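Worksheet: one structure, shown below.
The values are calculated or read from the model by the stated rules, or taken from the named source; none is laboratory data. Because the structure is predicted, anything quoted here is derived from the model rather than measured. Because the Cβ atoms are built from the backbone with ideal geometry, glycine has one as well, and the counts that use them run over all protein chains shown.
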Amino acid sequence: MSLKTYQIDENYIKSMYQEITEHIENYQKDINKDFETFDRWAKTVCQPKYKLIKNLIYLLEQNDTSFQDKQIIFSIFHQLLLINPNISIQLKKFDCLPKILIEYLFKYKKENGKNDLFAVSTLSFSFQIEKYQDLINLELIEILFDSLTQVKETNVIENLIKLFIEINYIYKSENDIKSNIFLKVFNQHENSNLFSEIILRILNNQKDFDFIQKILYCIKCLMNIKEKDIFYSKDLEAFIDISINFLESTEIEELRTGILDILYILTKFDEFYNIKYKRKELQELLEDCSKNDMVSIEVQEKSQNILNNLNQKMKNEELNENKNPEG
């Protein structure tokens, strides 16, 4: 594809789609050989001065742009975003895009009985919760939940989970948990079982303090609404590892209390006691926290409350063993 300032004509969308698809197909055929060239092309051709993104957004805004052409445009965005996620920075500058995307998704689902995953992908990269909170509704959340098992790309799935985490945090100040439409869908949707592994992976790789708080708050909400442990055994082991790491290394009190809140809920569920993974190490760490004058009183108290749960469970197990001795 030659690097020029693209002008819109009647064949613009189809020619752009064909050229971009050809480049991507060539890239996929020999990823090792062509990656550097293709990566440079993808980053260059999407620079604002070539007006590619701007022209495509312009077409999306036009009333006479066909539904099929909109689908092609979203497929172009999807393909480019997977190679060059920084394109999302440009997409986020167009305030018209979120509404266009959502209206398109609703219409596509109504007419086809399924989701346009290219549009879902584009939304996952470009939606800004702080700017477009008023566009979120139950229908949109259900579409995004449905998409979790339909999209193939890991980064798109993680983007959707991150978006759910942000949506959940909107309701933090609400007294009535039932007003949280994200939790309403989560509590009923069959794809909810995908959350634990993905959300822990995001947590483990996250460096942003504010977003870590949102993740911990989301996990806490999910367990409260389900009234059970949401983690499978391997996921629970992963969370214990994360908890030990946070409690040992972080000096941020809000993160300590966030982890301790989740551990407290976990230790009320029988599922937690089905594994004994690093139980002694965790208990010793909690005992240190409960007696450490260098941490806040809140951290000390929360640590002691978790220990109380653990100790009570151990006493109950001992009583049961004494009542039912072997032989």
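Values as computed for the structure displayed
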| read-out | value |
| --- | --- |
| Segment 206-256 - residue that is small (Gly, Ala, Ser) and farther than 14 Å from ASN193 by Cα and, of those, farthest from the chain's Cα centre (by Cα) | SER249 |
| Per-region count, segment 278-295, residues closer than 17 Å to LEU255 by Cβ and at pLDDT 90 or above | 5 |
| Verdict on THR250 being closer than 20 Å to ASN204 by Cα, surrounded by 13 or more Cβ atoms within 10 Å (Cβ to Cβ) and free of Cβ contacts under 8 Å to residues at least 24 places away in the same chain | yes |
| Candidates LYS276, LYS291, LYS315 - the one that is within 26 Å of PHE195 (Cα to Cα), exposed (fewer than 14 other Cβ atoms within 10 Å of the Cβ) and free of Cβ contacts under 8 Å to residues at least 60 places away in the same chain | LYS276 |
| Hits in segment 131-154 (condition: assigned to a helix (DSSP H, G or I) and without any contact (Cβ under 8 Å) to a residue 24 or more places away in the chain) | ASP134, THR154 |
| Residue list for segment 277-320, filter: among the charged types (D, E, K, R), within 31 Å of the chain's Cα centre (by Cα) and not in a helix (DSSP H, G or I) | LYS278 |
| Some residue of segment 211-234 being assigned to a loop (DSSP other than H, G, I, E, B) and within 19 Å of GLU298 (Cβ to Cβ) | no |
